[in-house]
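All remarks here apply to the structure that follows.
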Amino acid sequence: MTPPVILPNLTQYEHLGIECEFNLADGHAHQFQDPAQQLIVRQLPSLFAESERRPLRDLEEEFRLAFYGLAGQPTAADRRRTLLCQSASQSIDLVAAFLSAQGTQVGLLRPCFDNLPGILRRRGALLRPVAEHDLTGPGLERLLGEGGLGALFVTLPNNPTGFTLTEPEFARLVQRCATAGTLLVIDWTFRFHTGCERWDQYAVLENSGVSYLCVEDTGKTWPTLDMKCSILAASEDLYGPLYELHNDLLLNVSPFVLRLVTRYLQDSAERGLEATVRWLVRENRAVLRRGLRGTVLAPAGPVATISVEWMRIGSPVLSALDVVGLLADAGVGILPGDHFHWEDPQTGSRYVRFALARDPAVFAAACARARAALVAAALPRREGAA
């Protein structure tokens, strides 16, 4: 087995994953086009020509309404305090710049993808780790008590665990933040993999009076070869200063990209999220769990819907880096859990993450390869123990 490689961040492990025969490392949407989406691809010349002719403002508004319509967020669709960015990372960088200017402590959910603490720290934000269970239990009052956090940054549903909040839990969190005067930042970039469209999160935010920033994205959902658009939405009190920061960074998102991703949104609205997004992830998760049953890897939780699978390592002698190296040797790229636990890498060393948004046939082959490598690695130890 290749000796474990310790890299500074998860994005570098994703770069290694791209070089593998089977890239299950990054969480972007890499599944192949289904027949209806292939029709969209064949329309690319006409979509490009249309993007040249139509006013940019119209394309932006069409995208915004299509996004929030599919997301089941009529309150957000009714308000225009949104800024468009080329990626969710760009939106998060704007949030980080805004938070660092406030000079207050930022509570950040953990585990989470390590570009969040990386971007926030690079901008000078002061971070405090927040456990998932603190958002639902009695720890919330302590967390947001007197002299507590100036801002709270959460990812819902969370990457990598899939943790999310029910409607009552979300309403409680929002109200506690409003009462404490804590700015609430929410990363919703995996929203279309859950049932978030069944209730209006933005109505809860607006009715509470809380100061909020919300990051939305299309890149984790539709297979557009990383042509994507992120929305950064703000409460009324924060929109003005955020708008000025956005002006310093970006004029506009490509009109062609806007028109293209809008077509995918419209297609999902017509055929449903189940048919266009969720069935693939559910099927690949089942294939992965069946394929790795009996190996040292097991699901970290029984229920998950987002397009990644968080798996616990059952072996006392294998770390996350060991498993990543073992599977990389077999041509399968995945991510180690260390960096997701950004304040305590040792806790994360018992986990790895698989990306699920892949073509089913390719994914099944990757799972078979991973199983063979894990079983082969375990044989010498079993024989020795016998």
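Only four residue types carry charge here, +1 at the Cβ of Lys and Arg and -1 at the Cβ of Asp and Glu. Report the dipole size of the chain about the Cα centre in Debye, rounded to the nearest 20.
860 debye
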**OP:** Determine the per residue accessible area of the chain with all protein chains present and a 1.4 angstrom probe, expressed in square angstrom.
**Re:** 42 Å²
Original post:
For THR179, THR194, THR164, what's the largest-to-smallest order of accessible area, 1.4 Å probe?
Top reply: THR179, THR164, THR194
Original post:
Round to a whole number: what % of the accessible area of the chain belongs to carbon and sulfur, probe 1.4 Å?
Top reply: 55 percent
Subject >> 14 Å beta-carbon shell around ALA275, net charge (K/R +1, D/E -1) >> reply: -2
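Could you work out the longest stretch of the chain that avoids the trypsin sites (Lys or Arg not before Pro) located in DSSP loops with at most 13 other Cβ atoms within 10 Å?
With trypsin sites (Lys or Arg not before Pro) excluded where exposed in loops, the chain gives 81-292 as its longest stretch.
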**OP:** Report, by chain and number, residues whose modeled amide H sits under 5 Å from the one on LEU152, excluding near sequence neighbours (fewer than 5 apart, same chain).
**Re:** GLY107, LEU183, LEU184, VAL185
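Can you show me the helix-derived [θ] at 222 nm for the chain, built from DSSP H runs with n ≥ 4 at -39,500 (n - 2.57) apiece and divided by the number of residues, rounded to the nearest 500. Can you show the working numbers first?
Numbers: 16 runs with 183 residues, N = 386.
The helix-only estimate for the chain comes to -14500 deg cm²/dmol at 222 nm.
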Original post:
Using unit Cβ charges (K, R positive; D, E negative) and no other charged atoms, how large, in debye to the nearest 20, is the dipole of region 44-139 about its Cα centre?
Top reply: 360 debye
Original post:
Given 10 Å bins starting at zero, what is the percent of C-alpha pairs of region 217-366 in each, up to the one with the largest pair distance?
Top reply: 9, 29, 27, 23, 10, 1
Original post:
Scattering from the C-alpha atoms of region 182-304 alone, worked out with Debye: what is log10 I(q)/I(0) at q = 0.09, 0.13, 0.17, 0.22 1/Å?
Top reply: -0.37, -0.73, -1.06, -1.31
**OP:** Quick one: give the max-minus-min coordinate of the C-alpha atoms of region 1-78 along each principal axis, largest first, in Å.
**Re:** 54, 33, 23
**OP:** Enumerate the whole-percent occupancy of each 10 Å bin, from 0 to the last occupied one, for all C-alpha pair distances of region 87-160.
**Re:** 20, 52, 26, 2
Original post:
Going 7 Å from the Cα of GLN102 in the Cα-to-Cβ direction, what parts of region 122-143 have a backbone nitrogen less than 13 Å from that spot?
Top reply: 125-128
Original post:
Can you work out D for region 1-132 in µm² s⁻¹ from Stokes-Einstein, where Rh is the Kirkwood radius over C-alpha pairs, the temperature is 25 °C and the viscosity is 0.890 mPa s?
Top reply: 130 µm²/s
Original post:
In degrees, nearest 10, range 0 to 90: what is the angle between the Cα axis of helix 10-19 and the longest Cα principal axis of the chain?
Top reply: 60 degrees
Original post:
Just from the alpha-carbon atoms, what are the Rg and Dmax of region 72-125 in angstroms?
Top reply: 13.2, 35
Subject >> Long-range amide H partners of ASP217 with built H, under 5 Å >> reply: ILE231
Original post:
Accessible surface of PHE113 in the full protein assembly, 1.4 angstrom probe, to the nearest 10 Å²?
Top reply: 30 Å²
**OP:** Mind ranking HIS28, HIS193, HIS133 by accessible surface for me, highest first, 1.4 Å probe?
**Re:** HIS133, HIS28, HIS193
Original post:
Treating the beta-carbon of each Lys and Arg as +1 and of each Asp and Glu as -1, no other charges, what is the dipole magnitude of region 190-325 about its Cα centre, to the nearest 20 debye?
Top reply: 940 debye
Subject >> Percent of Cα pairs exceeding the 21 Å cut-off, where the set is region 173-254 >> reply: 39 percent
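The values are calculated or read from the model by the stated rules, or taken from the named source; none is laboratory data. Note that this is a predicted model, so its numbers are computed, not measured. Heads up, the Cβs are rebuilt from the backbone with ideal geometry, glycines too, and the neighbour counts pull from every protein chain shown. Just the protein is used for accessible areas: all its heavy atoms, side chains included, with ligands, DNA and RNA removed. Shrake-Rupley method; radii C 1.70, N 1.55, O 1.52, S 1.80 Å.
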